[in-house]
Structure formats: structure tokens, C-alpha cells
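Structure first, commentary second.
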Amino acid sequence: MTRHRGRGIASINYPIGMNLGGDPSQALVHSNPSGKFTVALSSIDLGQGMKSVTRQICAETLGVPVEDVYVDTADSDTGPHCMGSFASRGTHRVGNAVMMAAREARGVMMEAAAEELEVNAADLETDGRGNIHVKGAPHRSISTKDVAIAAQFKQGKTISGRGIFLVPLSDVDPETGEMSPATCYAHACLVAEVEVDDETGEVAMVRMDSAYELGRALNPRLVEQQLVGGAWMGISHALYETPEPYYPDPSHGPRDFVEYLMPGPGDICPHDIAVLERPAADGPFGAKGPGEMCANPVLPAVANAIFNAVGVRVDELPITPERVLRAIKAQGGARPQARR
Amino acid sequence: MLELRKDIFADERDDNLKEIGKGTQRQDMLGHVTGTSTYFDDHKLQGMLHLKVVRSTHPHARLRRIDTSDAERSAGVRRIIRGSDVPRNLNTLLSLINFGKDDEPSLAVDKVRYKGEPIVAIVADSPREAYEAMAKVRIDYEPLPAVFDVEDALKPGAPVVNETYPKNAFIYHDVYDHQKLRFGDVERGLAAADHVLEQRYQMSPIEHAPTETNGSIAAPDTNGRYIVYTSTQALFFSLDTCAKILDVPSNTFHFIGGTVGGGFGGKVDTLTEPLAILGATLTGRPVRYVLGREEEMQFGSPRGAERIYIKDGVMRDGRIVARKIRALFDSGAYTRLSSYAAVKCAAHLPGPYTIPNVHGDVYCVFTNRTPATAMRGFGVTAMDFAIECQMDKLAHLVGMDPMEFRILNAYRDGDMKAHRREAKNCALIECVQVAAEKAKWPIREEFKRASSRKDGGGSRAAISPTPRESYAPATAPSQQRTTYDRAPAAAREPPPPPPPPPPRPQAPSHGAARFSSVFGTRRR
Amino acid sequence: MAKTALQFRHNGRDVAIFVDGGTNLLAALRELIGDMTPKFGCGQGGCGACSVLIDGELHLSCLTLAETVAGRSVETLDSLKDGPNLHPLQRAFADNFAAQCGYCTPGMLMAAKALLDRNPQPSRTEVIEAISGNICRCTGYEPIINAVLAAASGGRARA
């Protein structure tokens, strides 16, 4: 029995959002009389961080601290329409809608502040710490709280904003497939190193090195969550998972987590990630969407690494020990390729 | 470990921001670590009933008789729901955005098309009493021949899975049984290539396996409305789907969700909400319908399988000159979202590379298995697996380093993509370079110097002459309906429109024109 | 159906409920006591989302008959923090961004607590072993392992 090491690579891109029926999302932003803001969405946070990333986008756009913004998701009576959390569209579509709403709210806030400070709104700026002051004269300042109170009780202004972001439907040509499927693309390249046991066909992950280009990492910790967790899912798709292990024969389907296999905490490997940011022209602060594409390069990189290790091509997913072993047997044994 | 490479593309960014770019703590983290984040099932309602469904034990069968008389008398049973109780017992998810025909019942009436298809719903005082009643439902099946392989399903004489699509394939543009992509002359490209490599790839289905299973709780609210706590990934999508199936105005419902225990695409299909609401309507009580783990795994929709054939032509120097792809998406018994996956996949071809001749045929095929749906990387994951394994083989074939081979073929700003839009904002080359650096994978100097912003466009912006194929006359099959269809006549599909005129001008389509006006196009 | 009276300690407080025969502890906690912190993930003992401590020992509440905890002490995530103060494990999970959807987090935290209670300075391998009965579909486990190691006494884990 020998364990063979090999490395493989894959590079990919991924479209942000979908081209189906038009792809809109809306957002509403408003302030309470203490100058604290609520973002109302019907968008869903299923763990990807929708609440957190839109909160930062709103705070940045308003020019207030992030603590002064709270995002309320997914109530159909209060949150305006959103297509949903899929197609890696959340950051891009909802983020843009929140930006637009926050810009409108900021406009009212600055007008209200201008009235209180008796200056022109164009001469004001926010300090990001909850104050608005005259440009170049920080002492001529008013807090967002005092502005909100004045707007509500003195001036009769609503510090609020509406936002929508729509990527209109692009018709698909039946003959050529000509279309505008997405307005921006994320990119990635990943190197996987594996160890293949030529007696059992088992594949162990050794390490991964990757580069992901995402437009802008709005929150690097959330991006890291997606990329680390997504790459884990990629390993799982590559080597473990299926509800139909003998597809297209539907028999022997797993019914629980004992039969449906996934890598556990002991099966993971070090993953060194670089994030690149080439801003998308229409992304919120240039952001695209890291959520979906992060698993994709792992599958082929692992398959290519297995070839490098033992010289077999397994073109069927998942690459189970059974498939690896059958391929090695058919080849008459492992044939390690040139070490990379 | 994550490293931000701020040095790359720095001239395209303004990094002078206050909140953006900071690793701020998640808004929901305190709730998560204290267990106070509220998921749909954490709502405890007075007098709540529990709904369970009886599922088909056959992959394809006619339903001769459904006898629920014993189940109705079973202890704790409040209501048995049959297909005839569902106001509009035929739907397709994307009908909300006018894509595809209604093809899936909420509860099967005269036929089942996959093992696990819901036939009868039981609403009882407790889950246990619902399970006991389920065992008392007697269903007389007449098994029919089933088809499980996508290529078998497309053969003449194959069992018809879903009568809405009698050829077992989704119909695109009312004409074709697949989505086409045509860019240049792939046959000429292949003929001129030094090497041609044709390969077959297969991805099995994949389960989303969120730790929280699909589910919802529907409760009568004041003033005739219903409040619905749900695990959906798409609140209004699910709300509007329920409004259609239950044939009521959408403002009948107050949907609350937003905090979901993982989805990955598996919570878009609105699997539980319509029956939970119907149960609440019929009993006047709150009704909870949550999938068990086995149901989630076997009968909640998976990422569908894909079979992919790739035929590539490559020159000795490593340039890919032609790529021909035939992909078959296994949609299972009903359409759900696979119809769109094929379109998204066609647009994704030939991967992030500039290849002058590309030909794609992508099929959405019906088989007698659990309907497939979207999952993280929808329409792209399996294709990327196939393309990137193929890239590795091609590099091997021409004796090139696989990193350098990718940089050589990578798309660059100004290139024409196969879906006939100019490539912009590219960054594949930089990703390969950085990954090589991180992995200490040596690449030659000329490849280290390559850039997405250099050497694109020019001849690479051209659309090579694309031969027109002989036009296949459209006899789009008229939509067949079965007895369960209670859709009002007005909602039925009109006869297929006449086929569109085959020659299309090069001018961008309506959507494309708007695209350009918003974001601008840069011509070299 | 006959109901059985059941008394036990729940997060340090005596509780008394009536349960149907066959009721599992998870259902008793969620539906009868109203403690929603343990989660239903599979009902088959395969995911660990329902993990609780019974007399300090880690158990899957979905596979535990409620009646078997009579007179014993059951701890859930709800017991972890001390008033407004987070337990070191909760702080470490937050600091390490060790939750995304949050659904596995209650069970994961209880598994981690069971480990640190008996082994305050676990090795990475021991942490992996301790959480290997808990499925997380979002994080890839790395941040969870790091969080448990960070929470271990003084943050000084053995290599």
C-alpha cells in the first residue's frame, strides 16, 4: 500500500445574479427620533450574512456608525419585495437597493441638519461617528440624534429613503443564445493537494491554496466565512456527497447523516486564501458576491490532483474510494505523474 | 487564513471608506451564540396541529384508488387533505415570472411520477397521531414503466414522465427541446485543430442538507389573514406561489422568516407552505408542516444530476480553437428551477476562456426521480467540474503547465464572450497568478506578466461567422393536462405562438440595450 | 393516551411536566418547557443540533426518552451565559466567527462545554473528536475548532 500525493488546479468565473424575469430587490431605510436607522428588507439571511453586510452598506452610505443601523429581514408586511436569497445576488442586488435608499435618507438628513445649522446642505459632511459638521469647520456640528429630533418634532421631515435595484430581463436568442446573463463576474483559482491511498482508494485532503476575486470584500470576516465554508462544501461535493450513490440507478439512497457522507472536522485541511478586489462598475462599493462560486473550483482541482497523484481520471462525481479504486485497478496500478 | 491583496487593481478602487472593508461582527452573532435567534420552528402557537404527507412508494404509477376512510377515523386526526382540496392543484415555480408551464400538483391525483411524491396530507393533533393515520391510508397503485437515465428519457418511445412535456424535455422558446449557444463555426474549428479531445462527465445529484429541514407554520390571523412562519429563502416568491396555488390575493398572507438554518438553494421550492396554509384554512387552527430528515434527503429537491459531453479542439501551442458541449440536466419528474439552470449554463459556456468557436446544447430532461432544484453554484458547478477537468487533460495533451495553459486561454478585457457580450472587469489571470504564488507553483515570466487588462480585444473581440442551422420547424407540443387540473380555462397556455423568424439582427436585444445604457459598453 | 408526571432540573431550576409515553427529551424541552435552544436537525441522532448535558454528560436529546431524565439535571445552551455575561465559549465562538446560519451552534456549544468541563486544555485532535458528532453545513469547522481552542483555559491549548 502506498499513499501518493498530487496537486491539481482549477480556475473559474461565476455570474452574479440571475437573468430571469428581471431581477429586482427593494429596501426601505428610516430613522427613529434618536437618529438610529432601521433597514426594512424582505430578503433572507440563511447564514450568509445578509443582515450584516447590508448594515455596513447602509452605515457607510448614511455616514453613521454601524451600531446606529439595524437590519430587519423578511417580514412581508414591512419589508418591500425582493426576489430572494439565491444566485449569489444578495450583496449585489440588495446591497445596491440599500445604498439607494440610504442615499435618499441621507439627503433628507443633510437638509434637516442644514436647516438647524443655517448653512447650505452641500457644505456639510458626516464624520461617520454620528455627527454632521460644516466642511472644514468641525466645531459647527450637530449630532444625527439632534437632527432626527429636529426633523421629527420641528421641521416635519421624514428621514427615510426608498431603494430598488433592478437588472432588467435580457432576452435570450433561441438560435444563438445571445444574451446579457449577468452584469458582473467573480473569479477564482484554487490549488488542491491530496493524498490518495492506492489500496483503499481513499482520498485525503492535504492543503488548499486559493485566490478569489470578489469586486470588494465588504466585510473580510464574512468573506472568509463564505470562502472557508464554501471550499469545505466543495471538498464534500468532490469526494463524498450524493443522495443517489449509483445514479442513474436510484437505489441505495441515504436517509440520514450516517448514510449521507460529508467530511467531518477531522477531514478538513489548511486553506490559504488570497482575496483580490477588482470593483464591478455596478456593484455596491464594487462588490460582487462570494457566496456561490467558492465551492466550484474545489471539485475539479481535487479531481486533477488525484490524476497527478495516481494517474487516473475519475470523471464522475462524487469521486468515491470505490471509483478511485476501480480506476486504479483498470489502469493496472497507480501511475504517479510528475510532481508539481 | 485570508490575505487581502490590496496591491492588485488598487488603481480601480477608492479604499477611503469608514465601515466598508471592516471585519465588523455579524449583527446576528449574539443571537446565534445565545440560542435566541428565532427560526420558523421556534414559534410556539396555541392549539397547533401537525401535518404529515403520505408519499408515493413507486417512481411511476397510476393511482387506481386512494382510500382514506380508516385514516379519517384514526385518533387525533383533524383533517385529511386530498388533491381535490387544493384550489389550483397544478403549478410551476417559475410561472410567477412567466417561464414554463404548470406541471406539478401539490398532491398527486391520478398519477405519481417519482418515489416520494405527496399524495395525501394528514392534519392531526400530534405528529405521532399523524404518523399513525398515515399507516392507515390505502393506495392502490398500477405501476408504470419508469425512466431514470436522461439519455434514455430522450429516446423515442421512452415512458412519458410528465405529460406537460411529452418528449421528456423542457421546451425552450416554444420551439426547441434545448437551449442553444452558437458562436463561430465549431466544426471548422475542430477540423483545423491539432488535437481533438472528447470526454464524458457525470455529476450525481447532491442534497443541500441544511441542518434545519424545510418547514413552515401557518396560523389563522385576525381579519381573515394568515400568518406564516417559514424557512423559505425567498419570501415573496413563496408568498406569491401560495397565493396562486390557494387562489387568493397575495395580501391574504403575512409571511415571516428571514432567519434560516441554512438553505444552499434547498429552500426556494415552497415545499411546505401551501399545504400548511391549506391545513390552517380547513381546520381554523395553526398547522405545522416540517420535513423529517429522511424526507429532506430523499424527497426534498436536490441539486440535479448533470451529464456533460465536451469535445475540444486545441492547437499544439495550447490555444483552444473550438469547444462543443452537450449537457443534460436531470430535472427529475417536474420542472421547478432546472429549466433556468440550462439557460444559465448555456450563458456560462465555454468557461472563462476566449475560444473563437463555441457550440452548446443544454437540455432540461424529465426522469422519474425527485424533482431537482437550485443549489449553490446553480447551473455552473458541474459544468465547471467538466470544463476544468477537460482543461487539465488538454494541458497534459499539449504538454503545457496547467496554470500557464489557463493564462494563455483566459478571457481578457475587450474579448468577445460566446454569449456575444464584451468581456469587462476580468480577473481570471490575476487569480491564477496569485494562486500559483501562494502554492509556490512555478510559472514562467511571460505568464507572470500577463494581465486581464492587456492584450484583449482586437481580433479577440470578433464574432466569427456562425453558420445558420437548418431551421427545425416548430411543432411545439400542445400542453396536455390531466384530470387533476383545476386551473381556470383563462389561465391555460394559449396555443404556441408561431415560430420566431430565424434570422436575427446583430443588434442587441431589448434587455441588452438597456444593459448598455446603464453600464456603458467600451469598444476598442 | 396516558401521561406521566416528570420532574427534573432544567438549567438549575426544578420543573414538572406531563409527558406522553415515548416523548423524547427534545420535544419535552421545546414544546412543554418552552426552551427553544436545542434544535431539531434530524431526529435520528445524526446531527447533534439537539445536544444537551444530562448530569454534565453530553446527550442527544432527540434520542433520549424524556422519562429517563426524572430527578436528573438537564442543561441546555440557555444555561450557558451568566445573566448578561457570555460564557467564554460563547465569546470565543463570536470572536472567531464560528457561526453562520447559527442552527448547529447550540448543540456545538454544548458539545464544546462537555469537552472543556472534563478537559480544560484539549488538543486540536481532542477538540475535533469532541465535536465530530455535530454537523455544521456552513463553516467548514475550522472556525469552530479555533473557537473551542481559544476558549480553553487561558487560551493555551496543547499542540
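Just so it is clear, none of the values below were taken in a lab; they were calculated from the coordinates. From a predicted model like this one, the values you see are computed outputs, not experimental measurements. Using ideal geometry, Cβ is built from the backbone for each residue, glycine included, and neighbour counts are taken over all protein chains shown.
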Exercise. Note down the nm distance, to one decimal, between modelled labels 7 Å out along Cα→Cβ at residue B:131 and at residue C:117.
Key: 2.8 nm
Quiz item: Looking at the square roots a ≥ b ≥ c of the eigenvalues of the Cα gyration tensor of the protein assembly as shown, which shape do they give, rounded for a/c under 1.5, prolate if a/b is larger than b/c, or oblate?
Solution: rounded
Quiz item: Charges only on Cβ, +1 for Lys and Arg, -1 for Asp and Glu: so what's the dipole of segment B:353-450 about the Cα centre, in debye to the nearest 20?
Solution: 240 debye
Practice problem: Between residue A:207 and residue B:446, take the C-beta separation as r, use R0 = 22 Å, and let me know the FRET efficiency to the nearest 0.05. | Solution: 0.20
Exercise. Please work through chain A and write down the cysteines that have no neighbouring cysteine Cβ at a distance under 4.7 Å.
Key: A:58, A:82, A:184, A:269, A:294
Quiz item: When a footprinting reagent is the concern and you count Cβ atoms within 10 Å, what order do A:241, B:104, A:67 take, fewest first?
Solution: A:67, B:104, A:241
Quiz prompt | Rounded to whole Hz, the Karplus (6.51, -1.76, 1.60) HN-Hα couplings of segment B:214-222, x for glycine and proline | solution = 4, x, 7, 10, 10, 9, x, 10, 5
Exercise. With all distinct Cα pairs included, what does the Kirkwood hydrodynamic radius of segment A:1-94 come out to in Å, to one decimal, could you say?
Key: 15.3 Å
Practice problem: Could you size up the charge dipole of segment B:264-412 around its Cα centre, putting +1 on the beta carbon of Lys and Arg and -1 on that of Asp and Glu, and report it in debye to the nearest 20? | Solution: 200 debye
Self-check item: Contour minus Cα-Cα distance for residue B:247 and residue B:110 (0.36 nm per residue)
Solution: 47.2 nm
Self-check item: Other protein chain Cβ atoms within 10 Å, averaged over every residue that makes up B:371-384
Solution: 6
Quiz item: Which Cα, out of B:147, B:373, B:456, lies furthest along the positive dipole direction of the protein assembly as shown (beta carbon charges, K/R +1, D/E -1)?
Solution: B:456
Quiz item: What does a probe at residue C:126 reach in segment C:93-118, counting residues whose amide N is under 11 Å from the point 7 Å along Cα→Cβ?
Solution: C:115-118
Quiz item: Once the Cβ-Cβ distance between residue C:63 and residue A:3 is put in as r, and R0 is 45 Å, what FRET efficiency do you end up with, to the nearest 0.05?
Solution: 0.75
Quiz item: At residue B:43 and residue A:154, where each label point lies 7 Å from the Cα along Cα→Cβ, what is the point-to-point distance in nanometres?
Solution: 4.2 nm
Quiz prompt | 24 Å Cα-Cα reach of residue B:344 towards lysines, excluding residues that sit fewer than 8 places from it in its own chain | solution = A:288, B:101, B:167, B:180, B:267, B:311, B:324, B:417, B:424
Quiz item: What list do you get for B:441, A:232 if you sort them by fewest beta carbons within 10 Å?
Solution: B:441, A:232
Quiz prompt | Unit charges at the beta carbon, dipole of chain A: most positive-side option, A:200, A:258, A:275 | solution = A:275
Quiz prompt | For chain B, Cys with no neighbouring Cys Cβ under 4.7 Å | solution = B:242, B:345, B:364, B:389, B:426
Quiz prompt | Global form of chain B, assessed from the alpha-carbon gyration tensor, a/c cut-off 1.5 | solution = prolate
Quiz item: What spacing in nm lies between the two simple spin-label points modelled at residue B:4 and residue B:470, each 7 Å away from Cα in the Cβ direction?
Solution: 6.0 nm
Quiz item: Dipole of the protein assembly as shown, Cα-centred, from +1 at each Lys and Arg C-beta and -1 at each Asp and Glu C-beta, to the nearest 20 debye?
Solution: 1100 debye
Quiz item: For residue B:222 and residue B:17, what is the calculated FRET efficiency with R₀ set at 41 Å and r taken between the beta-carbons, to the nearest 0.05?
Solution: 0.35
